[in-house]
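Contents: one structure, followed by commentary.
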Amino acid sequence: TVPIKDILRGTSGIKKIMVLIGPEGGFSEAEAEAARARGFSLVSLGSNILRTETAAVAVLGMITYEYL
(Lines give C-alpha, C1' and ligand atoms only; values in the text may rest on other atoms or scores of the structure.)
Protein backbone atom coordinates (compact mmCIF):
# COMPACT_ATOMS: atom_id res chain seq x y z
CA THR A 1 0.00 0.00 0.00
CA VAL A 2 1.00 3.63 -0.44
CA PRO A 3 0.04 6.66 1.65
CA ILE A 4 -3.36 8.00 0.62
CA LYS A 5 -1.93 11.49 0.14
CA ASP A 6 0.33 10.20 -2.65
CA ILE A 7 -2.68 8.87 -4.56
CA LEU A 8 -4.84 11.95 -3.92
CA ARG A 9 -2.09 14.40 -4.88
CA GLY A 10 -1.03 12.37 -7.91
CA THR A 11 -4.40 12.43 -9.64
CA SER A 12 -6.54 15.17 -11.08
CA GLY A 13 -9.94 15.42 -12.69
CA ILE A 14 -11.46 12.72 -10.53
CA LYS A 15 -15.24 12.77 -10.66
CA LYS A 16 -16.03 9.91 -8.26
CA ILE A 17 -14.22 8.27 -5.39
CA MET A 18 -15.24 4.98 -3.83
CA VAL A 19 -13.65 3.94 -0.55
CA LEU A 20 -13.51 0.42 0.86
CA ILE A 21 -12.69 0.29 4.56
CA GLY A 22 -11.69 -3.04 5.97
CA PRO A 23 -11.92 -4.45 9.45
CA GLU A 24 -9.43 -3.36 12.11
CA GLY A 25 -7.21 -6.31 11.23
CA GLY A 26 -7.15 -5.29 7.57
CA PHE A 27 -8.26 -7.02 4.40
CA SER A 28 -7.08 -10.54 3.65
CA GLU A 29 -4.65 -10.94 0.75
CA ALA A 30 -7.47 -12.38 -1.39
CA GLU A 31 -9.76 -9.44 -0.61
CA ALA A 32 -7.00 -6.93 -1.36
CA GLU A 33 -6.19 -8.61 -4.67
CA ALA A 34 -9.88 -8.72 -5.63
CA ALA A 35 -10.15 -4.97 -4.99
CA ARG A 36 -6.95 -4.26 -6.94
CA ALA A 37 -8.23 -6.38 -9.84
CA ARG A 38 -11.34 -4.18 -9.94
CA GLY A 39 -9.32 -0.98 -10.21
CA PHE A 40 -8.95 0.08 -6.58
CA SER A 41 -5.71 1.60 -5.34
CA LEU A 42 -4.58 0.09 -2.07
CA VAL A 43 -3.66 2.90 0.30
CA SER A 44 -2.71 3.45 3.90
CA LEU A 45 -4.14 6.08 6.24
CA GLY A 46 -0.97 6.01 8.33
CA SER A 47 0.74 3.85 10.90
CA ASN A 48 -2.07 3.93 13.46
CA ILE A 49 -4.74 1.23 13.38
CA LEU A 50 -8.11 2.98 13.30
CA ARG A 51 -11.51 1.65 14.20
CA THR A 52 -13.72 1.21 11.15
CA GLU A 53 -15.99 4.14 12.03
CA THR A 54 -12.99 6.38 12.75
CA ALA A 55 -11.30 5.41 9.49
CA ALA A 56 -14.38 6.53 7.54
CA VAL A 57 -14.29 10.00 9.09
CA ALA A 58 -10.52 10.25 8.66
CA VAL A 59 -10.55 9.30 4.98
CA LEU A 60 -13.39 11.72 4.21
CA GLY A 61 -11.42 14.48 5.89
CA MET A 62 -8.33 13.65 3.83
CA ILE A 63 -10.28 13.60 0.56
CA THR A 64 -12.02 16.88 1.41
CA TYR A 65 -8.71 18.52 2.31
CA GLU A 66 -7.11 17.54 -1.01
CA TYR A 67 -10.02 18.26 -3.36
CA LEU A 68 -12.02 21.15 -1.92
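The values are calculated or read from the model by the stated rules, or taken from the named source; none is laboratory data. Worth saying up front: this structure is predicted, and the values here are computed from it rather than measured. Glycine gets a Cβ as well: all are built from the backbone with ideal geometry, and neighbour counts include every protein chain shown. Each accessible area value is taken on the protein alone, full model and side chains, heavy atoms only, with ligands, DNA and RNA left out. Shrake-Rupley method; radii C 1.70, N 1.55, O 1.52, S 1.80 Å.
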Checking the structure you have, find out if any residue of the stretch 50-66 is assigned to a loop (DSSP other than H, G, I, E, B) and out of contact with any Asp or Glu (no Cβ under 7 Å at 6 or more places or on another chain).
yes
State all residues of the stretch 33-44 that are under 14 Å from the mean Cα position of the chain (by Cα) and more than 15 Å from Met18 (Cβ to Cβ); if no residue qualifies, say none.
Ser44
Restricting the search to the stretch 35-68, which residues are closer than 15 Å to Arg9 by Cα and hydroxyl-bearing (Ser, Thr, Tyr)?
Ser41, Ser44, Thr64, Tyr65, Tyr67
Out of curiosity, is Lys5 in a loop (DSSP other than H, G, I, E, B) and either modelled with pLDDT under 90 or surrounded by 13 or more Cβ atoms within 10 Å (Cβ to Cβ) (or both)?
no
Verdict on Glu24 being charged (D, E, K, R) and assigned to a loop (DSSP other than H, G, I, E, B)
yes
Given (1) open to solvent by less than 60 Å² (accessible area, probe 1.4 Å); (2) in contact (Cβ under 8 Å) with a residue 24 or more places away in the chain; (3) not small (Gly, Ala, Ser), number of the condition Phe40 does not satisfy
(2)
Residue satisfying condition, being surrounded by 10 or more Cβ atoms within 10 Å (Cβ to Cβ), out of contact with any Cys (no Cβ under 8 Å at 6 or more places or on another chain) and at pLDDT 95 or above, within set Ala30, Ala55, Ala34:
Ala34
